Amino acid sequence: MSSVVVFVGDGLSGGARWEERFPELEVHNLGVNGDTTDEVLGRLDQVVETDPDAVVLQVGTNDVGWNRSDEYIVRNIETILCTLRKRLPGVRVLVQSVPPREKEFVHLIRSVNRHLRQFAPTVKARYLDLWPTLAAEDGTLSTEWSADHLHLTEAGYLVWLAELRPALADLLESPPQTMSVSRHPA
């Protein structure tokens, strides 16, 4: 029986054709073009309904484009992760870094990713840092992987897949990460 994996996020995930790239898994791609962290929060019922073995989250770049603060983006992603942990206590979760974009967003995205890397273990989620693979030396999305500093080319998806495949395999081989989560300390 194959593992059920839900990919949730924005258009980068939505356009990745995960079903083709992971034929050994039962894949549900809930990535939606243009989605921000707010829309993903609003669609978590869909994730829960699939009763997945693992959730792979990739979101935040559209929030950056809407000039949302790093605090806003981080708070929403933390809420997504806490909600997943509360509603699916045994699910394995992989949260991916916000990918690089245009130069004016480098500092903001690095700040968001630093917070996500630190927060993920607190809800027993794994963090996958795609920045080293996708970023050019100046911190923008490399022209090797994108024609517009935002969307990935097929080559960009292939380098993402090269990072994601072993991380997801390792995640699925691990025991479920059960814990109770309270958003508000007692």
Long-range amide H partners of Arg126 with built H, under 5 Å: Val93, Leu94, Val95
Using only the alpha-carbon atoms, what does the chain span along each of its principal axes? Please give whole angstrom values in decreasing order. 41, 40, 24
So what is the relative contact order of the stretch 4-173, in percent, for Cα pairs below 8 Å that sit 6 or more residues apart? 19
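Suppose we keep just the DSSP beta bridges with both residues in the chain; what percent of those would be antiparallel, to 5?
5
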Candidate cut points under trypsin sites (Lys or Arg not before Pro) in the stretch 55-159, DSSP loop plus at most 12 other Cβ atoms within 10 Å of their own Cβ, are none
Might you report the magnitude of the Cβ-based charge dipole of the chain about its Cα centre, with Lys and Arg at +1 and Asp and Glu at -1, to the nearest 20 debye? 720
Where q = 0.11, 0.26 Å⁻¹, what log10 of I(q)/I(0) comes from the Debye formula for the stretch 67-149, counting one point per Cα? -0.32, -1.19
Mind telling me which of Val40, Val91, Val32 comes out most flexible in a GNM of the chain, alpha-carbon contacts under 10 Å? Val32
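Here, each number is a calculation from the coordinates, and none is a lab measurement. Bear in mind the structure is a predicted one, so any value in this text is a computation, not a measurement. Note that each Cβ is placed from the backbone with ideal geometry, even for glycine, and that neighbours are counted across all protein chains shown.
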